[in-house]
Amino acid sequence: MAYDSDNIFAKILRGEIPCKAVYEDSYALAFHDIAPAAPVHVLVIPKGAFTSFADFMARAAADEVQGFFAAVAKVAAQENGTADFRLISNNGAEAGQTVPHFHVHILAGKPMGHLLAD
Ligand code: AMP
């Protein structure tokens, strides 16, 4: 799938629409999910134009991959301390991906249950 530079996270990266940012560095931006599914629900997105986890791992440079996942770890610690948390990345429509810019959800603050809800 070609990257759509009009997707909502691309617009957030360009500053065209606002977000509640909690962290930013040269590799990643993290912000509160607009429809939180848990008391802690933060999205972490890479600065580069990647549609999905698979696209990111296929095309990103090693420093982008390392920098992005280091940012995920920093944000989890910053927003949730040492408490337990869940990472989710929906890869493609069947998996539930609705925004075609790679992102990782950090979810915490309530019991999550095991894997899929239904
Ligand atoms: P996914 O369904 O895995 O692609 O996740 C997309 C997430 O983006 C959903 O949890 C949405 O609530 C969230 N979302 C959509 N638009 C915005 C926005 N403008 N700011 C913050 N989060 C958003």
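What are the residues whose amide H is under 5 Å from the amide H of His101, where those residues sit 5 or more places off or on another chain and H is modelled from the backbone?
none
Let me check I've understood the local charge: for Gly48, count other residues with C-beta under 15 angstrom from its C-beta, Lys and Arg +1, Asp and Glu -1. What total comes out?
Residues near Gly48 contribute -3 overall.
Would you mind working out the accessible area per residue for the chain, using a 1.4 Å probe, and quoting it in Å²?
58 Å²
For Thr98, what charge total do you get from the other residues with a beta carbon under 15 Å from its beta carbon, if Lys and Arg give +1 and Asp and Glu give -1?
Here the count lands on -3.
Between Ala73 and Met1, what length comes free when the chain is fully extended (0.36 nm per residue of separation minus the Cα-Cα distance, one decimal in nm)?
Working it through step by step, the gained length comes to 23.1 nm.
Need the full-extension length gain, His32 to Asn90, defined as separation in residues times 0.36 nm minus the C-alpha distance. One decimal, nm.
Taking His32 through Asn90 to full extension adds about 19.2 nm, to one decimal.
State which stretch of the chain is the longest one without any exposed trypsin sites (Lys or Arg not before Pro), exposure meaning a DSSP loop state and at most 15 other Cβ atoms within 10 Å.
Value returned for the longest uninterrupted segment is 21-118.
Give me the aspartates and glutamates in straight-line cross-link reach of Lys11: C-alpha distance below 18 Å, same-chain residues under 8 apart excluded.
By straight Cα distance, Lys11 reaches Glu24, Asp25, Asp33.
The values are calculated or read from the model by the stated rules, or taken from the named source; none is laboratory data. Since this is a predicted model, take the numbers as computed values, not measurements. Every residue, glycine among them, receives a Cβ derived from its backbone with ideal geometry; neighbour counts consider all protein chains shown. Just so you know, the surface numbers come from the protein's heavy atoms only, side chains and all, with ligands and any DNA or RNA stripped out. Shrake-Rupley method; radii C 1.70, N 1.55, O 1.52, S 1.80 Å.
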